[in-house]
Amino acid sequence: MTHRVARCTMFVTPTNPRFIDKAWTRGGDVYILDIEDSIPLAEKARCRGLIRESIAKANKGGASIYVRINKPFVDADLPCSVWPGVDRIMLPKVDTSAEMQYAHDLISQLEKDHGVPVGYIELSPMIETALGVVNIYEILSATPRKIWSMGGGTGYDMAVNLGVEMFVDF
């Protein structure tokens, strides 16, 4: 994979055909096919079924394609997300190195099964909890796979995890 500067990264909802069909025309450098926060629980199974065709459509202009999965549904989300054309998997709320190792092992097997060179797809552990911050070195050292860490330490998920009221009226 040749890395480019990601000047414009856009989240795209696979369940909206209009968004997927037009994504590549928007000039983004990266399109993130989101199975996580933008998809209601009742729609997740349908969304998983749309990921593979969405990869080719969003990649039409040559942008990098990432897929953001759900932590509680790793076993359901990864088999639908690891296909040729995907450059990176985003793993939300990673707390331990064991979670990274599990994802690495499953992705490696899926790469083999789906015709992707083993080790090609990068991982982005999203550090969004206090435990993840404490374990960050072990998390980032857990696999030989290329890692691009994303910290969510100032975001909503971290605030909820810490029990902090993020929005306060004065």
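None of the figures in this text is laboratory data; all of them are computed from the coordinates on show. The structure displayed is predicted, hence computed values, not measured ones. Cβ coordinates were reconstructed from backbone atoms using ideal geometry, including for glycine residues, and neighbour counts include every protein chain displayed.
Between residue 101 and residue 76, what is the spin-label point distance in nm, taking each point 7 Å from the Cα along the Cα→C-beta axis? Reported label-point gap for residue 101 and residue 76 is 2.7 nm. Please go through the stretch 1-56 and write out the trypsin sites (Lys or Arg not before Pro) that DSSP classes as loop and that have at most 12 other C-beta atoms within 10 Å. When the trypsin sites (Lys or Arg not before Pro) of the stretch 1-56 are filtered for loop state and at most 12 Cβ neighbours within 10 Å, 4, 7 remain.
Need one word for the stretch 99-153: rounded, prolate or oblate. Basis is the Cα gyration tensor (sqrt eigenvalues a ≥ b ≥ c); a/c below 1.5 gives rounded, then a/b vs b/c decides. In terms of gyration-tensor shape, prolate. The residues 83, 24, when put in order of fewest to most other Cβ atoms within 10 Å, stand as 24, 83. Build a GNM of the chain with springs between Cα atoms under 10 Å apart, and of 99, 111, 43 the one that fluctuates most is 43. Our helix-only sum for the chain, with -39,500 (n - 2.57) per DSSP H run of n ≥ 4 divided by its residues, gives a mean residue ellipticity at 222 nm of -10500 deg cm²/dmol.
Taking 0.36 nm per residue of separation and subtracting the Cα-Cα distance, full extension of the segment from residue 146 to residue 25 would add 40.7 nm.
Each of 31, 137, 66, 120 was scored by other Cβ atoms within 10 Å of its Cβ. Listed from fewest to most, they are 137, 120, 66, 31.
When a/c is below 1.5 the answer is rounded, else prolate if a/b is larger than b/c, else oblate, so apply that to the stretch 37-111 with a ≥ b ≥ c taken from the square roots of the Cα gyration tensor eigenvalues. Judged from the Cα gyration tensor, the stretch 37-111 comes out oblate (a/c at least 1.5, b/c at or above a/b). The slack between residue 37 and residue 10, meaning 0.36 nm per residue of separation minus the straight C-alpha distance, is 8.3 nm.
Calculated on the Cα set of the stretch 10-142, radius of gyration then Dmax: 14.4, 41 Å. Distance between the 7 Å Cα→Cβ label points at residue 53 and residue 114: 1.7 nm. When 134, 12, 94 are ordered from fewest to most other Cβ atoms inside 10 Å of their Cβ, what list results? Ordered by Cβ neighbours within 10 Å, fewest first: 134, 12, 94. Candidate cross-link partners of residue 93 among the lysines, defined by an alpha-carbon separation under 27 Å and a same-chain spacing of 8 or more, comprise 44, 71, 112, 146.
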